[in-house]
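**Student:** This is the structure I want to talk about, given as structure tokens.
The values are calculated or read from the model by the stated rules, or taken from the named source; none is laboratory data. Since the structure is predicted, the reported quantities are computational estimates derived from the model, not experimental observations. Cβ coordinates were reconstructed from backbone atoms using ideal geometry, including for glycine residues, and neighbour counts include every protein chain displayed. Keep in mind that these areas ignore ligands, DNA and RNA; they rest on the heavy atoms of the full protein, side chains included. Shrake-Rupley method; radii C 1.70, N 1.55, O 1.52, S 1.80 Å.
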Amino acid sequence: MTSRPVVDQSAFKLSMRHLAGAVSVITVGERDERTGFTATSVSSLSAEQPSVIVSLNRGSSSWPVVERYRRFCVNVLTVDQQHIAQSFAGFDGRRGVERYQDAQWYSLSTGTPALKDALTVIDCELETVLNHHSHAILIGHVCAIKTRDDVEPLLYWRGGYRRLSGEAGIRP
């Protein structure tokens with residue numbers, strides 16, 4: 001059996017910082033059990049059966065709430081919502097329901113909190129969980145969507161928040 005090469009974790013993390021990604025806040029739970037986390041690891045999975053993938057560290061305080069409620073909402077942030085990303089990432093020390101301060105929330109079909117002024121809101125029921133090392137890959141069946149076209153996304157690249165600049169380049 002051939003052994004796999006070992007890649008240094010720091011080098012891997014640095015290489016992942018070169019992937020520009022939209023910043024989302026994933027909300028879970030209800031009432032006083034609301035919590036959530038900031039993620040750039042969100043991707044579409046299928047349009048045939050609308051579904052998305054979200055990666056979550058199982059050591060996160062959000063993990064048991066996702067397991068209990070079996071639903072989540074992807075809130076894609078706008079360029080002026082960096083403070084929400086930082087709050088849900090725990091940068092200001094907020095935990096659980098405290099992370100919902102300083103923003104307006106409502107519910108779509110599942111009852112999970114959705115950010116009022118998000119670029120896109122994708123309300124999901126948890127369909128499948130794939131455990132891989134420290135993380136869970138959440139596959140969510142999309143139940144409802146709400147989008148805005150009048151704002152830019154908040155991006156994360158090379159360890160910092162960014163914005164789009166200028167017009168789109170090549171169009172297909």
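**Student:** Do any residues in the stretch 72-89 that are within 13 Å of Phe37 (Cα to Cα) have Cβ atoms under 8 Å from those of residues that are aromatic (Phe, Trp, Tyr) and open to solvent by less than 40 Å² (accessible area, probe 1.4 Å), where the two are at least six apart or on different chains, and which pairs are they?
**Tutor:** Close Cβ pairs (under 8 Å, with a partner that is aromatic (Phe, Trp, Tyr) and open to solvent by less than 40 Å² (accessible area, probe 1.4 Å)) amount to Phe88/Phe37; Ala89/Phe37.
**Student:** What number of residues within the stretch 116-169 satisfy the criterion of being free of Cβ contacts under 8 Å to residues at least 24 places away in the same chain, assigned to a strand (DSSP E or B) and open to solvent by 80 Å² or more (accessible area, probe 1.4 Å)?
**Tutor:** 2
**Student:** Quick check on my filter: what residues within the stretch 71-99 are surrounded by 15 or more Cβ atoms within 10 Å (Cβ to Cβ) and either in contact with a helix residue (DSSP H, G or I) (Cβ under 7 Å, 6 or more places away or on another chain) or of a type in the set (D, E, K, R) (or both)?
**Tutor:** Scanning the stretch 71-99 gives Arg71, Phe72, Leu77, Ser87, Phe88, Arg94, Val97, Arg99.
**Student:** Moving on. Given the conditions (1) at pLDDT 95 or above; (2) open to solvent by 80 Å² or more (accessible area, probe 1.4 Å), report the number of the one that Asp102 does not fulfil.
**Tutor:** (1)
**Student:** A further question follows. How about the stretch 1-45: which of its residues are open to solvent by less than 50 Å² (accessible area, probe 1.4 Å), assigned to a strand (DSSP E or B) and touching a Pro at 6+ places or on another chain (Cβ under 9 Å)?
**Tutor:** Correct list: Ala22, Thr27, Val28, Gly36.
**Student:** Report the residue count in the stretch 51-61 for those that are more than 10 Å from the chain's Cα centre (by Cα) and buried (at least 16 other Cβ atoms within 10 Å of the Cβ).
**Tutor:** Total satisfying the criteria: 4.
**Student:** Among (1) farther than 17 Å from Leu56 by Cα; (2) acidic (Asp, Glu); (3) in a strand (DSSP E or B), where does Asp80 come up short?
**Tutor:** Exception for Asp80: condition (3).
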